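Take a look at the structure below.
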């Protein structure tokens, strides 16, 4: 009686996993269809080229100007700044926790990283407004501290737990024989880390970086609170910007249903969806290349 029962459990678990995977794909497709159904109507008001390449976002003016190029550039600038800060720091912290720190300190640091990941984004946004923004304004002598650089720092702070945790798991997953072999051949501990361990953990580190990018690019509240929300084409990191996510969050509640503004915000959601898909696809390609190497 036990054998058929075990086979039945395995069969049910296998089918549940399969159905879960299919459900995930179906949900994503349905979300995209919903966005496409609402967002494509913006083309009745403006052309695709004007929408993606327009320099002005004045959705309630007469006539409405629905160019999202400043929003795209603002999102990319804030994301690039955040990744430039978070990826090196996150990987270095992961190596320190996994390979260098004493056991007791390692436990404390891992707990701190987990606590950091649990802080709500709106709380980080308040900290950014009250502490980071005045500090940057004073240090760099800026007209306002609400800039893309402020958003990059806050988003880097939010991406660090993801990058550190996944990178540390990848480093710990490197076979111990690799390290012992390098040390036996006369390599120092640091040479082993930089020439052996990092190559063995590279696919996981790439995954950590890409997940960090996804975490940063999709963030709304914190970036909306500290970047100034100016829908203009940014010239540097020290100017106010507005991101795609912040635009949807700030304006969806005020847009009249069925208006050009309403449809344009759904079209912004489509752009976000496509960019997120491109990030995930890039991560998958890089991971496969890393595994082959």
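Rule-based calculations on the coordinates, nothing more; no lab input. Please read these numbers as outputs of a predicted model, since none were measured by experiment. Here the Cβ is made from the backbone with ideal geometry for all residues, glycine too, and neighbour counts use every protein chain on show.
Assorted remarks:
- Principal semi-axes in Å for the stretch 54-107 [√(5λ), Cα gyration tensor, largest first]: 46, 10, 5
- Take the Cβ atoms of residue 33 and residue 178, set R0 to 35 Å, and the FRET efficiency comes out at 0.15.
- Extents of the stretch 196-285, largest first, come to 57, 31, 21 Å (Cα atoms, principal axes, whole angstrom).
- Dividing the convex hull volume of the alpha-carbon atoms in the stretch 1-127 by its residue count gives 234 Å³ per residue.
- Quarter of Cα convex hull surface for the chain, i.e. mean projection, nm²: 22.0
- Residue with peak Gaussian network fluctuation, the chain [Cα springs, cutoff 10 Å], from 116, 193, 16: 16
- Label-point separation in nm, residue 185 to residue 65, each point 7 Å along Cα→Cβ: 6.2
- The equivalent ellipsoid of the stretch 75-142 has semi-axes of 28, 16, 13 Å, largest first, where each one is the square root of 5 times an eigenvalue of the Cα gyration tensor.
- The order of 282, 162, 247, 188, going from fewest to most other C-beta atoms within 10 Å of their C-beta, is 188, 282, 162, 247.
- Value of [θ]222 nm, deg cm²/dmol, for the chain, DSSP H segments ≥ 4, -39500 (n - 2.57) each, nearest 500: -22500 deg cm²/dmol
- Among 22-34, 131-143, the peptide with the highest mean count of other Cβ atoms within 10 Å heads the list, and the full ranking is 131-143, 22-34.
- For the stretch 2-44, convex hull volume per residue from C-alpha positions, Å³: 31
- For the chain, built as a Gaussian network whose Cα springs stay under 10 Å, the top-fluctuating residue of 74, 186, 90: 186
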